[in-house]
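Bear in mind these aren't lab numbers, they're just calculated from the coordinates by the rules spelled out. Owing to the predicted nature of the structure, the values given are computational and were not obtained by experimental measurement. Glycine gets a Cβ as well: all are built from the backbone with ideal geometry, and neighbour counts include every protein chain shown.
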Amino acid sequence: MTNTRRKVDLYILSLGLLFVFFVIMTFKFPAENFNIKDWSSWKTFASYNPIPIISIIFISYCVLAYKRFEFNLKGATDIPFEITKIESISYEHLTFLATYVVPLISFDFGSGRQMIVLALLLVVMGVIYIKTNLFYANPSLALLGFHIYRADGNFKIGSKEGIILICRAKLKETQKVSYIKLDEKIYFVKGVTE
């Protein structure tokens with residue numbers, strides 16, 4: 001259950017940039033007669049800006065999900081493993097951005113039908129993204145300075161090949177890293193030591 005929640009968090013976090021684009025594209029400024037102390041002015045403002053409000057809620061969730069990852073990693077209790085072979089695959093951030101995020105900003109935000117299709121598309125993409133374990137190709141993490149690596153590692157229980165490492169630091173062979181296991185082959189790593 002925890003791993004599924006982490007995958008969902010990473011998927012929603014990967015859409016963080018898309019939510020920012022939604023706010024920029026759809027935000028409508030309040031009318032000139034907007035009164036900050038008047039409840040009806042706020043209701044009118046909210047009725048003109050449902051997409052930006054929903055997007056801001058999701059952006060807030062993205063911040064919460066990121067903070068939760070940081071907190072969880074601090075409490076990683078598994079014995080660190082040693083990297084025996086490593087290659088950067090950070091280009092996959094860009095693949096996700098170009099393939100999934102950019103086309104989604106072309107939807108007509110004034111059409112209710114297209115908004116329903118967009119919502120369903122985001123849900124279906126999320127299910128596919130999580131089931132195929134592509135949740136690590138996350139452009140939001142790239143903006144936050146994270147890197148993606150394909151590596152082999154020596155764990156206490158033996159060696160594993162072709163694992164995916166998500167890390168803020170640059171990694172190299174023979175380093176030991178602490179980790180949170182996101183999936184059988186995908187790890188969020190930190191605490192890089194020599």
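Of note:
- Scanning residues 5 or more positions from ILE186 or on other chains, those with amide H under 5 Å from its amide H are ILE164, with H placed 1.01 Å from N in the peptide plane.
- Residue pairs, from the table LYS7/LYS28; LYS7/LYS170; LYS7/LYS43; LYS43/LYS131; LYS37/LYS67, whose Cα atoms sit over 28 Å apart: LYS7/LYS28; LYS7/LYS43; LYS43/LYS131; LYS37/LYS67
- Projecting the Cα atoms of ASN33, TYR179, ASN138 onto the dipole axis of the chain, where Lys and Arg carry +1 and Asp and Glu carry -1 at the beta carbon, places TYR179 farthest toward the positive end.
- Relative contact order for the chain: 28 percent, from Cα pairs under 8 Å spaced at least 6 residues apart, divided by residue count.
- The Cα center of segment 1-55 and the Cα center of segment 150-177 differ in position by 38 Å.
- Answer label, with semi-axes √(5λ) of the Cα gyration tensor in Å calculated from the coordinates and candidates (1) 39, 17, 13; (2) 28, 21, 15; (3) 38, 24, 15: (1)
- Relative contact order for segment 97-166, counting Cα pairs under 8 Å that sit 6 or more residues apart, in percent: 18
- Residue among PRO80, ILE54, ILE12 farthest towards the positive dipole end of the chain, charges placed on Cβ: PRO80
- Of the trypsin sites (Lys or Arg not before Pro) in segment 36-76, those whose Cβ has at most 13 other Cβ within 10 Å and which sit in DSSP loop: LYS37
- Under 5 Å, built H, 5+ apart or other chain: amide partners of HIS147: CYS167, ARG168
- Cα-centred dipole magnitude for the chain, charges only on beta-carbon of K, R (+1) and D, E (-1), debye, nearest 20: 360
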